[in-house]
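Note sheet for the following structure.
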């Protein structure tokens, strides 16, 4: 996997710490923004992890919040530095980049899909057939999105910290739905069979029969 430590998660961790400290002091977002000469939206976006913090931002927060412990200040600075790093997925301009960032840092996840095979289980041909059904997506963009999907799948076999544990419930209808033709579906079903042998992957099929 290109990256283990997710900048998305680091920003959220930092934001949670800043928010908790502000609330402990009984300060509002507006009060903090006024004292630091920030906009309220900047404070809010930093606390929710939607925006990365600079070292100067951390210094100003620590001074205002009375964080004098060197180790704690360094911890916050390191989180800010890691949160500013470029995740491998960020160059693809994804609508779901936050999800991919959190997924990269996850140790386990659960899926329930009733129509299609989960993305982490899809073959390139299956993914391509699905994406080609959307007229607005160009062939070049399809290639990029497939590359993203295949890179995400490396989570299932990564060595560090450990493979992502995934439990998926797939509706039987998804197995019968013809995507990309018989050959594509045959390869896709074979892929599911192979993945089901991994100790960190559990696949359950929900029967369409009542």
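The values are calculated or read from the model by the stated rules, or taken from the named source; none is laboratory data. Owing to the predicted nature of the structure, the values given are computational and were not obtained by experimental measurement. As a convention, Cβ positions derive from the backbone with ideal geometry for all residues, glycine included, and neighbour counts pool all protein chains shown.
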Exercise. For residue 127, all conditions in the list (1) under 20 Å from the mean Cα position of the chain (by Cα); (2) free of Cβ contacts under 8 Å to residues at least 24 places away in the same chain; (3) not in a helix (DSSP H, G or I) hold save one; what is the number of the exception?
Worked result: (3)
Seminar exercise, completed: The condition from (1) within 26 Å of residue 101 (Cα to Cα); (2) touching a helix residue (DSSP H, G or I) at 6+ places or on another chain (Cβ under 9 Å); (3) in a helix (DSSP H, G or I) that residue 185 misses is numbered (1)
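Table: residues versus (1) over 30 Å from residue 158 (Cα atoms); (2) in contact with a helix residue (DSSP H, G or I) (Cβ under 6 Å, 6 or more places away or on another chain).
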residue	(1), (2)
6	no, yes
10	no, yes
19	yes, yes
27	yes, no
36	yes, yes
62	yes, yes
76	no, yes
87	no, yes
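Condition (residue is out of contact with any helix residue (DSSP H, G or I) (no Cβ under 7 Å at 6 or more places or on another chain) and buried (at least 18 other Cβ atoms within 10 Å of the Cβ)) applied to segment 114-122: is it met by at least one residue?
Restricting attention to segment 114-122, the residues satisfying the condition of being out of contact with any helix residue (DSSP H, G or I) (no Cβ under 7 Å at 6 or more places or on another chain) are 118.
Remaining after also requiring buried (at least 18 other Cβ atoms within 10 Å of the Cβ): 118.
Yes, the conditions are met somewhere in segment 114-122.
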For this session: Return only the number of the condition from (1) in contact with a helix residue (DSSP H, G or I) (Cβ under 8 Å, 6 or more places away or on another chain); (2) buried (at least 16 other Cβ atoms within 10 Å of the Cβ); (3) in contact (Cβ under 8 Å) with a residue 40 or more places away in the chain that residue 174 does not satisfy.
Result: (1)
For this session: Taking the residues in segment 2-31 that are at pLDDT below 90 and surrounded by fewer than 17 Cβ atoms within 10 Å (Cβ to Cβ) as candidates, determine which candidate is nearest to residue 151 (Cα to Cα).
Result: 2
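Going by what's in this entry, would residue 82 be described as in the same structural domain as residue 56 (by TED's automatic domain parsing) and either surrounded by fewer than 16 Cβ atoms within 10 Å (Cβ to Cβ) or in contact with a strand residue (DSSP E or B) (Cβ under 6 Å, 6 or more places away or on another chain) (or both)? Please lay out each step first, then the result.
On the way: in the same structural domain as residue 56 (by TED's automatic domain parsing): yes; either surrounded by fewer than 16 Cβ atoms within 10 Å (Cβ to Cβ) or in contact with a strand residue (DSSP E or B) (Cβ under 6 Å, 6 or more places away or on another chain) (or both): no.
Considered against the rule, which asks whether it is in the same structural domain as residue 56 (by TED's automatic domain parsing) and either surrounded by fewer than 16 Cβ atoms within 10 Å (Cβ to Cβ) or in contact with a strand residue (DSSP E or B) (Cβ under 6 Å, 6 or more places away or on another chain) (or both), residue 82 comes out as no.
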For this session: State all residues of segment 177-210 that are exposed (fewer than 13 other Cβ atoms within 10 Å of the Cβ) and at positive phi; if no residue qualifies, say none.
Result: 181
Problem set entry | Matching residues, segment 48-89, being assigned to a helix (DSSP H, G or I), in contact (Cβ under 8 Å) with a residue 60 or more places away in the chain and under 27 Å from residue 148 (Cβ atoms) | 79, 80, 82, 83, 88, 89
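Only one of these is closer than 30 Å to residue 137 by Cβ and loosely packed, with under 13 Cβ neighbours inside 10 Å: 69, 95. Name it.
On the way: 69 fails: closer than 30 Å to residue 137 by Cβ.
Only one candidate passes the filter, namely 95.
Residue 44 - would you say it is surrounded by 13 or more Cβ atoms within 10 Å (Cβ to Cβ), modelled with pLDDT of 95 or more, out of contact with any strand residue (DSSP E or B) (no Cβ under 9 Å at 6 or more places or on another chain) and under 30 Å from residue 152 (Cβ atoms)? Walk me through how you get there before you give the answer.
Working: surrounded by 13 or more Cβ atoms within 10 Å (Cβ to Cβ): yes; modelled with pLDDT of 95 or more: yes; out of contact with any strand residue (DSSP E or B) (no Cβ under 9 Å at 6 or more places or on another chain): yes; under 30 Å from residue 152 (Cβ atoms): yes.
So residue 44 fits the description; yes.
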